[in-house]
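Undergrad: Below is the structure I would like to discuss, written out as structure tokens.
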Amino acid sequence: MRYWVLKSEPETFSIEDLEQAKAKTTPWDGVRNYQARNFIRDKLKKDDLAFFYHSSCQIPAIVGIVEVVSEACPDATAFDPKSPYYDPKSAPNTPRWFKVDVKFKQKFNSPISLATLRQHPSLNGMILLQKGNRLSVIPLTHKEWDTILKISKDTL
DNA sequence: GCCAACGTTGGC
DNA sequence: GCCAACGTTGGC
């Protein structure tokens with residue numbers, strides 16, 4: 001199994017929204033970046049775990065943990081002209097975009113801010129921390145996952 | 001609100 | 001296939 005970071009703008013969809021969702025589960029749809037798409041389609045598997053990251057907000061931070069609970073399938077929002085994620089170039093028989101379902105696992109008592117993550121030298125290589133990084137589905141090494149988990153436990 | 005960094009588009 | 005122009009992301 002693999003570990004990930006999934007980014008979301010809390011004004012659009014927050015971890016609280018996920019916790020309150022039906023079955024605490026949501027389709028992780030609307031991803032419109034090819035690199036992120038490839039991770040979703042090819043690498044995200046049922047039972048993978050991911051940190052939920054709040055971006056473009058007052059304190060960008062990892063705020064909790066979610067679990068992948070489905071395999072990848074076509075992102076239906078791309079077929080819907082009324083959806084903000086509509087993409088006329090994606091058709092049901094030749095889908096361009098994909099999604100998985102994710103389920104709420106845990107919300108951290110104290111979020112781990114970007115600034116905090118940057119204070120840990122062992123996380124320097126993280127894709128999330130790299131300058132100019134805009135990827136919304138980010139792979140983590142097992143070591144990075146463990147390090148961040150430990151930070152979350154130390155700050156309880 | 002600014003702006004750096006990056007991705008995408010489209011003319012040639 | 002190059003690259004300029006434009007659009008978007010996201011931290012600050």
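Undergrad: Take region A:1-60 and flag every residue that is out of contact with any Leu (no Cβ under 6 Å at 6 or more places or on another chain), among the β-branched types (V, I, T) and within 14 Å of DNA strand C (Cβ to nearest atom).
TA: A:T12, A:V31, A:I59, listed by residue number.
Undergrad: Separate question: Residue by residue through region A:36-55, note down the ones that are assigned to a helix (DSSP H, G or I) and in contact with a strand residue (DSSP E or B) (Cβ under 8 Å, 6 or more places away or on another chain).
TA: Hits for region A:36-55 are A:A36, A:R37, A:F39, A:I40, A:R41, A:K43.
Undergrad: Can you name the number of the only condition in (1) part of a loop (DSSP other than H, G, I, E, B); (2) of a type outside the set (A, V, I, L, M); (3) out of contact with any strand residue (DSSP E or B) (no Cβ under 7 Å at 6 or more places or on another chain); (4) buried (at least 16 other Cβ atoms within 10 Å of the Cβ) that A:P10 fails?
TA: All conditions are met except number (3).
Any read-out appearing in this document is the output of simple, stated calculations on the displayed coordinates, not a laboratory observation. Everything numeric in this text was worked out from a predicted model, so none of it was measured. Using ideal geometry, Cβ is built from the backbone for each residue, glycine included, and neighbour counts are taken over all protein chains shown.
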